[in-house]
1. Among the residues that make up segment 158-168, is at least one of them crowded, with 21+ Cβ neighbours inside 10 Å and either over 16 Å from V223 (Cα atoms) or over 19 Å from the mean Cα position of the chain (by Cα) (or both)?
2. Test of understanding: among N129, N176, N192, which residue is open to solvent by 50 Å² or more (accessible area, probe 1.4 Å) and under 27 Å from Q2 (Cβ atoms)?
3. Can you spot a residue in segment 39-52 that is under 15 Å from Q103 (Cα atoms), assigned to a strand (DSSP E or B), open to solvent by less than 60 Å² (accessible area, probe 1.4 Å) and in contact with a strand residue (DSSP E or B) (Cβ under 7 Å, 6 or more places away or on another chain)?
4. Considering each residue of segment 47-76, count those that are touching a Cys at 6+ places or on another chain (Cβ under 9 Å) and under 17 Å from D106 (Cβ atoms), and give that number.
5. Name the pairs: first residue in segment 155-169 and within 14 Å of A233 (Cβ to Cβ), second residue polar (S, T, N, Q), Cβ to Cβ under 6 Å, at least 6 apart or on different chains?
6. Mind listing just one residue for me: the one in segment 85-101 that is open to solvent by 50 Å² or more (accessible area, probe 1.4 Å) and part of a helix (DSSP H, G or I) and, of those, farthest from C13 (Cα to Cα)?
7. Out of (1) in a loop (DSSP other than H, G, I, E, B); (2) open to solvent by less than 40 Å² (accessible area, probe 1.4 Å); (3) under 30 Å from M32 (Cα atoms); (4) without any contact (Cβ under 8 Å) to a residue 40 or more places away in the chain, the odd one out for R56 is which?
8. Could you count how many residues in segment 107-124 are part of a loop (DSSP other than H, G, I, E, B) and surrounded by fewer than 18 Cβ atoms within 10 Å (Cβ to Cβ)?
Amino acid sequence: MQKFNYHSHTYRCGHADLDMKDEEYIQEYIKMGFKKVAITDHCPEKNKIDKRDDMRMDYTQKDEYINSIKKLKEKYADKIQIETGFEVEYLPGEEENIKELKQEVDKIILGQHFIYGDNKELRIHGTDNFTDEELIRYAGYIEKAVKLDIPDIIAHPDVFMHRREKFGEIEKKVANIICKVAEKYNIPLEINLAQVFNKTYFENKKLNNDSIEKQKEKLSNVVYPCRAFWEIATKYNIKVLYGIDAHRRGQISRYKELTELANEIIGQETIKKLNFIEE
């Protein structure tokens, strides 16, 4: 079992468990035997572009957030290695603000959730139906971010399959753009476990204790991880890791089961061909 996780959120983002304190996440990780974690909450924006109320901390919360994680790093130094971090999106014109955030923390993961439309309106994946042209632009944003040395990890690289009806030629092109730049710049890709959790153990936004076999029956509703994407990833020399993308109580404690379910989706033959990081 992978003993590290670099994708965790806090109540500050507005869509995690609002009464779950930072320390509770750390205690769950220790209980599960993790050796290293990064808390990478959705980054604040100096220029507020994402206007949604429940997606990220306010910029005024940034220093308190970083200091909270640093205090936990000191408190639990003899039990677990803790890093500070942010999950960021690349947007043209925001390069300096993103790099400023990068200088303040240990880890940056790129979780690209949106692009600019033709009229510079924000187009959000999962909410807006991206055209084929917009999907190529989305891949270009990821490529640009990597070339600018922004991320340490590309989170959920297959999340673009939201609202896509099939994995066709455009989707293959997007996957190859992402995998090619990840290989060239040696940036790991994350097999994200969040939607697996949300569609199984957290079905209908309520924790359940159904058997693993019962959970497997629900996997047809999971969009990512996407088997076709990871089959393409095997053609490249890319580092791979799992990311819990923790937002809820009970999510970390089900890590082993979630990886089993993700592997079920991707397929064991493909999993065997991927180059998993060992730390």
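1. Taking every residue of segment 158-168 in turn, none turns out to be crowded, with 21+ Cβ neighbours inside 10 Å and either over 16 Å from V223 (Cα atoms) or over 19 Å from the mean Cα position of the chain (by Cα) (or both).
2. Values: N129 fails: under 27 Å from Q2 (Cβ atoms); N192 fails: open to solvent by 50 Å² or more (accessible area, probe 1.4 Å).
None of the others qualify; the one that does is N176.
3. There is at least one residue in segment 39-52 that is under 15 Å from Q103 (Cα atoms), assigned to a strand (DSSP E or B), open to solvent by less than 60 Å² (accessible area, probe 1.4 Å) and in contact with a strand residue (DSSP E or B) (Cβ under 7 Å, 6 or more places away or on another chain).
4. So the count comes out to 1.
5. H156/N192
6. This residue is E96.
7. (4)
8. Kept after step one, since they are part of a loop (DSSP other than H, G, I, E, B), are these residues of segment 107-124: 111-113, 117-121.
If we keep only those that are surrounded by fewer than 18 Cβ atoms within 10 Å (Cβ to Cβ) as well, we get 117-121.
So the answer is 5.
The values are calculated or read from the model by the stated rules, or taken from the named source; none is laboratory data. As the structure is a prediction and not an experimental result, all values here were calculated from the model. Neighbour counts are summed over all protein chains in view; Cβ atoms, including those assigned to glycine, are modelled from backbone coordinates with ideal geometry. Just the protein is used for accessible areas: all its heavy atoms, side chains included, with ligands, DNA and RNA removed. Shrake-Rupley method; radii C 1.70, N 1.55, O 1.52, S 1.80 Å.
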